[in-house]
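The values are calculated or read from the model by the stated rules, or taken from the named source; none is laboratory data. Computed from a predicted model, the values in this text were never measured in an experiment. So basically every Cβ, Gly included, is an ideal-geometry build from the backbone, and we count neighbours across all protein chains shown.
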Amino acid sequence: MAEQNSSRFKGGLPDYLVRHTTFRQMQIFEAIVRLGSFTRAAEELFLTQPTVSTQLKKLTDVMELPLLDQSGRQLKPTEAGEALYRAVLQIFDSLSNLDTRIAGLKGLHRGRLRLAVITTAKYFAPEILGDFWRLYPGVDISLKVANRYRIIERIQNNDDDLYILGQPPEKSLNLTAYPFAPNPLVVMASSDHPLAKESNISIERLAQEPFISREVGSGTRDAIMKLFHEKGLEPNVRMELGSNEAIKHAVVGGLGVAISSLHTLVLEGANGPLDVLDVEGFPIERKWYLAHNNDKELSPIAQAFLEFARATEPVISERMLNLYNQFALRHERACAKSKSD
Ligand code: PGA
């Protein structure tokens, strides 16, 4: 136990805390409180659960008060735990600002870029990162891919430098967001689906088809449900899947139709086993948004990436237009062939 006597302050600092606590313990404590679980904290920090428990015990011993309350089903900080949690957040915020300043002093050739993107942005974000990294090979890049729900959690925890979102962020998230490239939503079906040869299919007709949907928490799913609900319709959901690739395979397997970003078809193009249906009101025109937290000073490398990514807009727009035109051409040919048969 740390000694607590009149000499506990040295150089204006509480000596018992400086000598007996570590940033690592604070990091573990912060993760436990934020995630409400020892197991999830251990997973996030790549530690074993006994290590997490031991470090928490050491921190509790130094504070001489319980920090967590495990009564009931929820793990919550005690009053002392709350006070420590707030202090830890302030310390981490200062460290993060320090990191930004140091990276700035080192210039653009060193440092770290933390980017978190919404699931569907994985079809183009790594490519932009690759081009950027060729310009700045000394930069460490971390890319997190998660659905809208998880990205919002990361924004609230201030985990990353920049985010790519599929819709403008809510005001409460305190972000500056730049719209930067098209994200059209299209209706996909397997190329031998009977609707592939029809034109101007109504939404009412589409609502009758077995539908494969993304999981709760997906931004794409929210946009689709909004569309159906505005028309007073409900899609005929046969299956929910948490991955765009799994959805594409299910569509090819004839399990139903799906609505996805056209970006998900970029690698196979219009010659693959998936077709884009001609449905009224589609494609739904959406945009990607590059965003950063207003309270966080952007590091020079994050600023450089923001500008670099925004400058890729014409390339991405053209790619989407070309791809859409290829599907439209394929559709025209299929319709002409079915008439002549
Ligand atoms: P999602 O979001 O990958 O979570 O579906 C993408 C989007 O909002 O377009």
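The table below gives the values:
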quantity	calculated
Enumeration of residues in segment 194-211 that are assigned to a strand (DSSP E or B) and either over 18 Å from GLU230 (Cα atoms) or of a type in the set (A, V, I, L, M) (or both)	ILE201, PRO210
Strands (runs of 3 or more DSSP E) enclosed by segment 229-290 - at least 2 residues per element that are more than 26 Å from ALA309 (Cβ to Cβ) and touching a Ser or Thr at 6+ places or on another chain (Cβ under 8 Å)	236-241, 274-276
Inter-residue pairs, beta-carbon under 6 Å, first within 16 Å of the ligand (Cβ to nearest atom) and in segment 213-238, second part of a helix (DSSP H, G or I), 6+ apart	SER213/ARG221; ARG214/THR220; ARG214/ARG221; GLY217/TYR149; GLY219/ARG148; PRO235/ALA207; PRO235/PHE228
Among residues of segment 152-182, those that are closer than 22 Å to ASN244 by Cα and away from the ligand (no atom under 16 Å from the Cβ), counted	0
Test: residue in segment 55-64 that is outside any helix (DSSP H, G or I), among the acidic types (Asp, Glu) and surrounded by 13 or more Cβ atoms within 10 Å (Cβ to Cβ)	no
Test: residue in segment 104-121 that is touching an Asp or Glu at 6+ places or on another chain (Cβ under 9 Å), part of a strand (DSSP E or B) and either among the small types (Gly, Ala, Ser) or closer than 30 Å to PRO66 by Cα (or both)	yes
Subset of segment 134-151 (residues that are near the ligand (Cβ under 9 Å from one of its atoms) and not in a loop (DSSP other than H, G, I, E, B))	VAL145, ALA146, ARG148, TYR149, ARG150, ILE151
ALA177 touching a residue at least 60 places away in the same chain (Cβ under 8 Å), out of contact with any helix residue (DSSP H, G or I) (no Cβ under 6 Å at 6 or more places or on another chain) and part of a helix (DSSP H, G or I)	no
Flag if ASP131 is charged (D, E, K, R) and surrounded by 14 or more Cβ atoms within 10 Å (Cβ to Cβ)	no
Condition met for LEU175 (surrounded by 15 or more Cβ atoms within 10 Å (Cβ to Cβ) and farther than 30 Å from LYS337 by Cβ)	yes
Any hit, segment 307-318, residues being out of contact with any strand residue (DSSP E or B) (no Cβ under 7 Å at 6 or more places or on another chain), surrounded by 19 or more Cβ atoms within 10 Å (Cβ to Cβ) and not hydrophobic (A, V, I, L, M, F, W, C)	no
Extreme residue, nearest to the ligand (Cβ to nearest atom), among residues of segment 246-274 that are at pLDDT below 95 and under 27 Å from the mean Cα position of the chain (by Cα)	VAL266
Some residue of segment 187-194 being within 16 Å of the ligand (Cβ to nearest atom) and buried (at least 17 other Cβ atoms within 10 Å of the Cβ)	yes
Failed item, numbered, when ALA121 is tested on (1) at pLDDT 90 or above; (2) within 16 Å of the ligand (Cβ to nearest atom); (3) within 24 Å of LEU45 (Cβ to Cβ); (4) crowded, with 16+ Cβ neighbours inside 10 Å	(3)
